[in-house]
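**Q** Before we start, here is the structure in question, set down as structure tokens.
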Amino acid sequence: MEEVEQAQAEQVTDSRDLPSPLSDEDILIAEAITEPPPASGNSADLKAVIEAAIYITDEPLTPEQIATAVGQPLDQVKEILNQLVVEYSAPDRGLSVRELAGGYKLSTKPEHHESIRRFVKRLQPPLKLSLAALETLAVVAYKQPITAPEILDIRGVQGAGVLKTLLDRKLIAAAGRKNVLGKPILYKTTREFLIQFGLSSLAELPTLKEFEELGRFALNDSEESTASTEPSADIQPQSSEEPAPESQPPQADA
């Protein structure tokens, strides 16, 4: 009997020495402490992002603006900016990262300005086409190879002058003759067409379904803007003319 009581007493003593169960709040705090801090972004990726940001903006970007945008420490951003300044100052670089008005901007080096000016003067003017030329070019792009009579059937108007313009701009070219009566010339788009419209191949042209969706969205936007600008029907326009005074009946002489 004495041995049983002694064993129970030892069990009570051991249970007092054990720590009390942890609450849910204590567990969450412990996990937060032991959890490793989030890893900072890759410095190479961050450097590339900062370089691209300086390139696309017109105004100089301050280190504070960049640090806020990328969510990184200001000291790290300043260090990367200094690295970019040093790298772009190399003689084999045509651009430089300059500090202007407290910010940083990517620009051409002053010693190359004259050469760049002469180069820009020799560039061809930007491509400008009339609506008729764009319509004809779209028909050729989607229906090529196609003949002038077939273009006429689609557009409903004569387009000989427009075809000549597109040929002169090297946007379309002859692609042989169609084996029908009269053997009309077939037309197709050229490599210059792909370059001017930023396409790697004709497969990147938008589909007709995509054009229909764009047209539907444009129609909905125009209807909403028209509805928002229309005056309410309950408001009656005020007349600028004053009402005529009522005529008084003539009074008899006394």
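Just so it is clear, none of the values below were taken in a lab; they were calculated from the coordinates. What you see is a predicted model; the values in this text were computed from it and never measured. Positions of Cβ are generated from backbone atoms using ideal geometry, with glycine treated the same way; all protein chains shown enter the neighbour counts.
**Q** Between Leu205 and His112, how many nm apart are label points set 7 Å from Cα along the C-beta direction?
**A** Those two pseudo-labels are separated by 3.7 nm.
**Q** Give, in nm to one decimal, the length gained when the segment between Ala132 and Leu95 is fully stretched (0.36 nm per residue of separation minus the Cα-Cα distance). Each step should come with its number before you reach the end.
**A** On the way: separation 37, 0.36 × 37 = 13.32 nm, distance 4.09 nm.
Extra length from Ala132 to Leu95 when fully extended: 9.2 nm.
**Q** Assuming a ≥ b ≥ c are the square roots of the Cα gyration tensor eigenvalues, decide whether region 143-190 counts as rounded (a/c under 1.5), prolate (otherwise, with a/b larger than b/c) or oblate.
**A** oblate
**Q** Pop a pseudo-label 7 angstrom from the Cα along the beta-carbon direction at both Lys164 and Arg122 and give the gap in nm to one decimal.
**A** If labels sit at Lys164 and Arg122, their model points lie 3.1 nm apart.
**Q** Give, as a single signed number, the net charge of other residues whose beta carbon lies under 12 Å from the beta carbon of Leu219, with Lys and Arg counted +1 and Asp and Glu -1.
**A** Numbers: positive: Arg216; negative: Glu212, Glu213, Asp221, Glu223, Glu224.
Around Leu219, the charge tally is -4.
**Q** Let me ask something else about it. Sort Asp221, Asp58 so that the residue with the fewest other Cβ atoms within 10 Å of its own Cβ comes first and the one with the most comes last.
**A** Numbers: Asp221 10, Asp58 5.
Ascending number of Cβ neighbours within 10 Å: Asp58, Asp221.
**Q** Using a 7 Å offset from the Cα along the Cα-to-Cβ direction at both Ser43 and Thr68, what is the distance between the two label points in nm, to one decimal?
**A** With each label point 7 Å from Cα toward Cβ, the separation is 2.7 nm.
**Q** Need the list of lysines near Lys209 for cross-linking: C-alpha distance under 17 angstrom, and skip anything on the same chain fewer than eight residues off.
**A** Lys143
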